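Enquirer: My questions all concern the structure below.
The values are calculated or read from the model by the stated rules, or taken from the named source; none is laboratory data. Computed from a predicted model, the values in this text were never measured in an experiment. Here the Cβ positions follow ideal geometry from the backbone for every residue, glycine too, while neighbour counts run over all protein chains shown. Calculation scope for accessible area: heavy atoms of the full protein, side chains included, ligands and nucleic acids excluded. Shrake-Rupley method; radii C 1.70, N 1.55, O 1.52, S 1.80 Å.
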Amino acid sequence: MTTKIIFDTDPGIDDAMALLFIEASPALDLVAVTTVFGNADIDTTTRNALYLKDRFGLAAPVYKGTDKPLSRPRNPSPTFVHGENGLGDVELTGLVPAQPEAKPAHQAIIDIARANPGEITLVAVGPLTNLALALEADPEVATLLKGVVIMGGAFAVAGKPGNVTPVAEANIWNDPEAADRVFTAPWHVTVIGLDVTTQVIMSPDFMEALEASAGPAGQFLNAISKPYAAFYGGRDGIVGCCVHDAAAVAYVIDESLFEVRRGSVRVVTEGIALGQTLQKVEGELFGPSAWDDQPIHSAAIAVDADRLLALYARTMNGVVGG
């Protein structure tokens, strides 16, 4: 059986890697793409989603989401990571993308979940504002989704505890209030954070092999990966690029790639630790705290990097055309 996916995304170089991974996987059925601000402004991220849909023949509709956080100003777009156009400043030629669907993203999430109760997994790889808006409009949506898999956060288990501050990961930091609402809602959440995504590296050799084996999609992904890898090399000394968003997709395909730790999760919404994700491990005993009586979620703490990379390469091998 295939898993039906809503992909909530802010494309984004690694978002594009994840989106084409979803489309290529026989285990997944992409039913909708919902866009959000983050790696670029909402008009750019929506344009990029539509461009990828048109160029690579994706059937799923695209719904435009929110352009700002719930209650704070939007942070500047990280053009030094993803380029001015969000896709590494690779020239996007040959297509004039269609318009998104008229329905806003958060309402599309609600409607699709209600039409397919217990069948939809929402994979969220940008700020969690669309999810928070869906909860606000229809709290029952949390009980209607099969699960929510988030690329975001960091729990200081392995790798770096943050990538935009010493303690905060970008997706959570971009709207910490929305993230805290999502983590305190009663859906089944798994967080794939920097603890594991920084352990999985697509090397230049991996990307060259992908270009050779995965047709037009591989050629495109190799092209947009180069400025991304240059950023990681300059900042962190990494040879290649971290697999962030595609790791969340890999979890949906094969949970055995990861080890998870269960517990309630809260997000810091003020002060110098803004955007930090903190988990109270299930079964640990403390005095009264903000983690009490909150839903139990899973956070990834280890990953089999070699198997994940092999899954990505095998899945992308010649499946997505365009």
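Enquirer: Within the range 78-157, considering only helices (runs of 4 or more DSSP H) that don't extend past its boundaries, which have at least 1 residues that are under 16 Å from the mean Cα position of the chain (by Cα)?
Expert: Output list reads 79-82, 105-115, 129-137.
Enquirer: Suppose the filter is more than 18 Å from LEU128 (Cβ to Cβ) and in a strand (DSSP E or B); does ARG262 pass it?
Expert: It is true that ARG262 is more than 18 Å from LEU128 (Cβ to Cβ) and in a strand (DSSP E or B).
Enquirer: Hey, can you tell me all the residues within the range 189-216 that are buried (at least 23 other Cβ atoms within 10 Å of the Cβ) and among the polar types (S, T, N, Q)?
Expert: THR197
Enquirer: Mind checking which residues of the range 158-202 are of a type outside the set (A, V, I, L, M, F, W, C), under 14 Å from the mean Cα position of the chain (by Cα) and in a helix (DSSP H, G or I)?
Expert: ASN171, ASN174, THR197
Enquirer: Check the range 145-156 and report whether any residue there is open to solvent by 50 Å² or more (accessible area, probe 1.4 Å), without any contact (Cβ under 8 Å) to a residue 40 or more places away in the chain and over 17 Å from THR190 (Cα atoms).
Expert: No: zero hits.
Enquirer: Do you know which residues across the range 226-243 are in contact with a Gly (Cβ under 9 Å, 6 or more places away or on another chain) and either under 19 Å from SER25 (Cβ atoms) or in a loop (DSSP other than H, G, I, E, B) (or both)?
Expert: VAL239, GLY240
Enquirer: Here is a further query. Which of the residues that make up the range 1-17 are closer than 17 Å to LEU128 by Cα, at pLDDT 95 or above and not charged (D, E, K, R)?
Expert: Matches in the range 1-17: ILE5, ILE6, PHE7, THR9, PRO11.
Enquirer: Answer yes if at least one residue in the range 87-105 is modelled with pLDDT of 95 or more, open to solvent by 20 Å² or more (accessible area, probe 1.4 Å) and out of contact with any strand residue (DSSP E or B) (no Cβ under 8 Å at 6 or more places or on another chain), and no otherwise.
Expert: Yes, the range 87-105 has at least one match.
Enquirer: Continuing with this model, one more query. Collect the residues in the range 171-188 that are in contact (Cβ under 8 Å) with a residue 60 or more places away in the chain and surrounded by 24 or more Cβ atoms within 10 Å (Cβ to Cβ), keeping them in residue-number order.
Expert: Within the range 171-188, ASN171, ILE172, TRP173, ASN174, ASP175, PRO176, ALA178, ALA179, PHE183 meet the criteria.
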